[in-house]
1. Which residues, taken from the range 248-257, are assigned to a helix (DSSP H, G or I) and touching a Pro at 6+ places or on another chain (Cβ under 9 Å)?
2. So, residue 62, is that one in contact (Cβ under 8 Å) with a residue 40 or more places away in the chain, farther than 15 Å from residue 13 by Cβ and not in a helix (DSSP H, G or I) or not?
3. Name, by its number, the condition in (1) surrounded by 13 or more Cβ atoms within 10 Å (Cβ to Cβ); (2) on the phi < 0 side of the Ramachandran plot; (3) not assigned by TED's automatic domain parsing to the domain that holds residue 240 that does not hold for residue 57.
4. Among the residues of the range 111-153, what is the count of those that are surrounded by 15 or more Cβ atoms within 10 Å (Cβ to Cβ) and part of a strand (DSSP E or B)?
5. Looking at the range 62-96, which of its residues are within 13 Å of residue 323 (Cα to Cα) and either modelled with pLDDT under 90 or small (Gly, Ala, Ser) (or both)?
6. Tell me, which residue of the range 60-78 that is of a type in the set (Gly, Ala, Ser) and crowded, with 19+ Cβ neighbours inside 10 Å is farthest from residue 299 (Cα to Cα)?
7. For the range 299-327, which residues satisfy the criterion of being touching a Pro at 6+ places or on another chain (Cβ under 8 Å) and either part of a helix (DSSP H, G or I) or not assigned by TED's automatic domain parsing to the domain that holds residue 244 (or both)?
Amino acid sequence: MPNIELSDRERKVLEAVIESYVVTAEPAGSRTIARKFPLGVSAATVRNTMSDLEDRGYLYHPHTSAGRVPTDLAYRMYVDQLVPRPAIAQNEVETLRRELRGEYTPIDALLLKAAQVLGVLTQELGIAVGPSLDTAVLERLELIQVSSDRLLLVFALSGGVARTIFVEVSNALPREAVASVGIVLNDRLSGLTLREVRATLRDRLRDSGTSSGEVELLNIFIEEADHLFDQPATDGDQVLLSSAQMLAEQPEFASNEQMRNLLELTERRDLLRRALKARPLGGLTVSIGGENMDPRLSAFTIVTSTYRQGELEGVIGVMGPTRMPYQKIVALVEHTSQLMGELLK
């Protein structure tokens, strides 16, 4: 990796190139930078500094253009060290509160609305993910026999969250066996998070059945643990997106091929879900270009921040080309996550 220690002049020139490119979507030339930004040096000095920054991996020449474009490394430097302290305009604060005020049931509706408002305010693709239940504590569960080959498993989780899932069985089970297994499951799993249940269920249920019916049902839970105890917090698709229209109007998606790639990404909720679940919870995260886990996201930046619903956490944010106004977007995403936390209390 190139040396990230830059001189004061290099930092100022790099910041100017980034801000110019974010606004114009055009490669920045030394004359333009010297004329538009108060750097106090000549265009020749700016040109030499830009050349040095290119050698160190912060800028590059697109095709035969005389100007230069920031690299992912440049944006990372900008986000971590150069971008001014985030601030949000008062009219944007008012828009967010006005649009998200009121009650939406279920939580999906509020999350989708938040993603849509973020998409409009940032001109990027708004993204929201329901709270992950991995850290939710299993308070109790109930097994209800609804037919000879189907059981209903009812979860009662911390924070008043309830979830249901059907369990298929191959043979009709005696009601006594179902009731006995329910007692065992509550005795050995209550008080654990769903993540802990998945990781330790096999050991906790070993040698716990006495009749053939109990053993059969317990084996189903052991074999299907990853499925039965991996519960999404929202109904339907967990990743909620705003309209891609705002993003489609940006220069990066001017060609038909680029537009097709964008539309394909919006259809690949599984890809976006994996990318978002791989991000650390607990605050703001900015993944730039090649930092994203999937190469199909290498042309994008994803900015997210966590929000809380009781003991649970989800994420809200935006996705767009790496050329984005980071200061504005970081401020909007952080403020929206805070507002979501207030509304979900």
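The values are calculated or read from the model by the stated rules, or taken from the named source; none is laboratory data. Keep in mind the model is a prediction, meaning the values are calculated, not measured. Here the Cβ positions follow ideal geometry from the backbone for every residue, glycine too, while neighbour counts run over all protein chains shown.
1. 251, 252, 253
2. No, not satisfied.
3. (2)
4. Selection size over the range 111-153: 16.
5. The one that is within 13 Å of residue 323 (Cα to Cα) and either modelled with pLDDT under 90 or small (Gly, Ala, Ser) (or both): 74.
6. By that ranking, first place goes to 67.
7. 327, the sole residue that qualifies.
Let's see how each residue does on (1) touching a residue at least 60 places away in the same chain (Cβ under 8 Å); (2) part of a helix (DSSP H, G or I); (3) of a type outside the set (Ser, Thr, Tyr):
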residue: 172; (1), (2), (3): no, no, yes
residue: 181; (1), (2), (3): no, yes, yes
residue: 226; (1), (2), (3): no, yes, yes
residue: 240; (1), (2), (3): yes, no, yes
residue: 246; (1), (2), (3): yes, yes, yes
residue: 259; (1), (2), (3): no, yes, yes
